[in-house]
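Novice: Encoded as structure tokens, here's the structure I'll be asking about.
Every number here is computed from the coordinates shown, using simple stated rules; none is lab data. Just so you know, these numbers come straight off a predicted model, no measurement behind them. In this analysis, Cβ positions are derived from the backbone assuming ideal geometry, glycine residues included, and neighbour counts consider all displayed protein chains.
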Amino acid sequence: MQRVRLTDLGVSFEANGILLVRAPTRGIGARVPPMAIGVLAFCSEPRTEEDVARAMGPPGVQLYRGLVDAGLLVDPAEAGQTPLFFGNFAELDVHRRMLSDTPRVEGYRAAIASVVKPGHTVLDAGTGSGVLAALAALAGAKRVYAVDGAEILAQAERVFERSGVADRVQAIRGDFGHVELPTKVDVIVTETFGALALAEGAVDDLAACVDRNLADGGQVIPFRIDFYVAPVGSAALRAEALGAFDAVPGVDLSPLAEAAAHRAITLQAKPGALLAEGALVARLPFPTGGNGFDGEVAFDLPDDGELQGLLAWYDLQLAPDVVLGTGPGAPPTHWGQCFLPLPVRPAGGRPLKVVLDVGPAADDRRSLEVTAEIEHGDEALRGSWRVR
């Protein structure tokens, strides 16, 4: 049987020469000898025990078996799964927060009413509470496939029954990235968006779902994501991100503050917190546009005020006539915006140019790494942040 290493493995070094290998989205790890890293590297492609024996001999086979037992080498079909991540989304508290987000729910209701026509077939990828699948059935869909890998699916089935749509909605327990329906559907709807839209790491799975299941001429809700960035002048936003690390008299928390300066924080800003209006940095077709983006924007900063950081957000183009915005000027959503701290400096009326690059983190595909090359007048800065 072939085995392959998990896709989100990270390695840390311990003082005794042993290495700690962890898969954060699975909640597992193991301490291994250095040679095990060679086996893991060799198994970046599916390998059998015989393959390892030919390449690395009996010691490699012994390590291979140990890594299989530890769950770090798995069947290729399981390598990209993240059960801990989806288990978290089975919690009712998460769905309470999302269902309480009126702009989100009403935006999707309007888009489904606009796109789904009587007689359509619909796939709800990552159905969660089942609310979008139920709305699609109520909009006239003759058949809705509600796909989810979490335990919440059992509750969603009761939602369908009590909403009077159980005869039209079929719940399917599984990973929507691997599900292949008996027939192609007219519409795929999904709300699998996190911080900066892409932090849930679902784009590749959704692209595979669309490729397998969407009929020619079918539509995805949403079909595009627009990304924006703006310079921040509000000291209050910075305090929300970093102020906690100055809060204990006599205790120097600067190591935590230094780490936090490279972590985005999700918050809700007001337009007055910005030194300039937000600028469109990238526009991605969804889900075919990929799991990252880059772009360049420029701003004219005012003479007064201080540059505290950058604010990033996105708009979901749910339907041609329905946009769900998450920016500081839109009705507040549970997504909010991402604040990216920078070293404070006077705005000084100097131009600001930002070259932004966003993509999946190397050690966790459910997180993003954001880097920025920044020119502020004649100063050159570089920022990097983890978004989760």
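Novice: By DSSP, what percent of the beta bridges with both residues in the range 4-78 are antiparallel, rounded to the nearest 5? Kindly include the intermediate steps, with their values, before the conclusion.
Specialist: Numbers: 11 of 11 bridges.
Bridges in the range 4-78 are about 100 percent antiparallel.
Novice: So, counting K/R as plus one and D/E as minus one, what does the shell of residues with Cβ under 10 Å around PHE160 add up to? Walk me through the numbers before you get to the answer.
Specialist: Working: positive: ARG158, ARG162, ARG168; negative: GLU157, GLU161, ASP167.
Spelling it out: positives minus negatives among the neighbours equals 0.
Novice: Report, by chain and number, residues whose modeled amide H sits under 5 Å from the one on LEU301, excluding near sequence neighbours (fewer than 5 apart, same chain).
Specialist: ARG350, LEU352
Novice: With n ≥ 4 as the cut-off for DSSP H runs, can you work out [θ] at 222 nm for the chain, using -39500 (n - 2.57) per run divided by the number of residues, rounded to the nearest 500?
Specialist: Values: 10 runs with 101 residues, N = 388.
That comes out to -7500 deg cm²/dmol.
Novice: Kindly put ARG143, ARG382, ARG224 in sequence by how many other C-beta atoms sit within 10 Å of each C-beta, fewest to most.
Specialist: Values: ARG143 19, ARG382 10, ARG224 16.
Neighbour counts put them in this order, fewest first: ARG382, ARG224, ARG143.
Novice: Alpha carbon centre of the range 315-388 versus the range 159-187: separation in Å?
Specialist: Using only Cα atoms to place each centre, the spacing works out to 35 Å.
Novice: Please arrange LEU310, LEU153 by counting, for each residue, the other beta carbons lying within 10 Å of its beta carbon, fewest first.
Specialist: Numbers: LEU310 26, LEU153 20.
Sorted ascending by nearby Cβ count, the order is LEU153, LEU310.
Novice: Can you list residues from other chains, or at least 5 along the same chain, whose modelled amide H is less than 5 Å from the amide H of LEU342?
Specialist: Amide H neighbours of LEU342: GLY309, LEU310.
Novice: Per residue of the range 295-310, what does 6.51 cos²θ - 1.76 cosθ + 1.60 with θ = phi - 60° give for ³J(HN,Hα)? Whole Hz please, x for Gly and Pro, Karplus curve as stated.
Specialist: x, 10, 9, 9, 9, 9, 7, x, 5, 9, x, 10, 7, 9, x, 10
Novice: Only Cα pairs under 8 Å and at least 6 apart count here; give the relative contact order of the chain as a rounded whole percent.
Specialist: Details: 836 pairs, mean separation 55.7, N = 388.
Here the relative contact order equals 14 percent.
Novice: Name the lysines eligible as straight-distance cross-link partners of LYS184: C-alpha to C-alpha under 20 Å, and not fewer than 8 places from it in the same chain.
Specialist: LYS117, LYS142
Novice: Just add up the charged neighbours of GLY128: K/R +1, D/E -1, any other residue whose Cβ is under 10 Å from the Cβ of GLY128. Before the final figure, lay out each step's value.
Specialist: Values: positive: none; negative: ASP124, ASP148, GLU191.
Around GLY128, the charge tally is -3.
Novice: Then there's this: Between PHE13 and ASP294, what is the FRET efficiency for a Förster distance of 41 Å, r being their Cβ-Cβ separation, to the nearest 0.05?
Specialist: Working: r = 31 Å, r/R0 = 0.77.
After rounding to 0.05, the efficiency reads 0.85.
Novice: Which whole-Hz couplings ³J(HN,Hα) result when phi for each residue of the range 129-137 is put into the Karplus expression 6.51 cos²θ - 1.76 cosθ + 1.60, θ = phi - 60°, listed in order with x for Gly and Pro?
Specialist: 5, x, 5, 6, 4, 5, 5, 5, 5
Novice: Could you list VAL159, VAL203 in order of exposure, starting from the residue whose Cβ has the fewest other Cβ atoms within 10 Å?
Specialist: Numbers: VAL159 20, VAL203 23.
Starting with the residue having the fewest Cβ neighbours, the order is VAL159, VAL203.
Novice: If you project the alpha carbons of the chain onto their three principal axes, what span does each projection cover, largest first, in Å?
Specialist: Its Cα atoms span 63, 63, 40 Å along the three principal axes.
Novice: I need the phi-derived Karplus couplings for the range 216-226: 6.51 cos²θ - 1.76 cosθ + 1.60, θ = phi - 60°, integer Hz, Gly and Pro marked x.
Specialist: Per-residue couplings from phi come out as 4, x, x, 10, 9, 10, x, 10, 7, 10, 10 Hz.
Novice: Add +1 for every Lys or Arg and -1 for every Asp or Glu among the other residues with Cβ under 11 Å from the Cβ of VAL323, and state the total.
Specialist: Values: positive: ARG224; negative: ASP226, ASP315, ASP321.
Local charge sum for VAL323: -2.
Novice: Name the long-range amide H neighbours of THR48: under 5 Å, sequence gap of 5 or more, or other chain; modelled H, no Pro or chain starts.
Specialist: Here ARG3 satisfy the definition.
Novice: Oh, and also: If a/c stays under 1.5 just call it rounded; otherwise compare a/b with b/c (prolate if a/b is bigger, oblate if not). Do that for the range 90-170, with a ≥ b ≥ c from the square roots of the Cα gyration tensor eigenvalues. Walk me through the numbers before you get to the answer.
Specialist: Working: a/c = 1.96, a/b = 1.24, b/c = 1.59.
Because a/c hits 1.5 or more and a/b fails to exceed b/c, the range 90-170 counts as oblate.
Novice: Run the dipole for the range 86-191 about the Cα centre, Lys and Arg Cβ at +1, Asp and Glu Cβ at -1, nothing else charged, and hand back the magnitude in debye, nearest 20. If you can, show how the numbers build up before the last one.
Specialist: On the way: 12 positive and 14 negative charges, 78 e Å.
Once rounded to the nearest 20, the dipole reads 380 debye.
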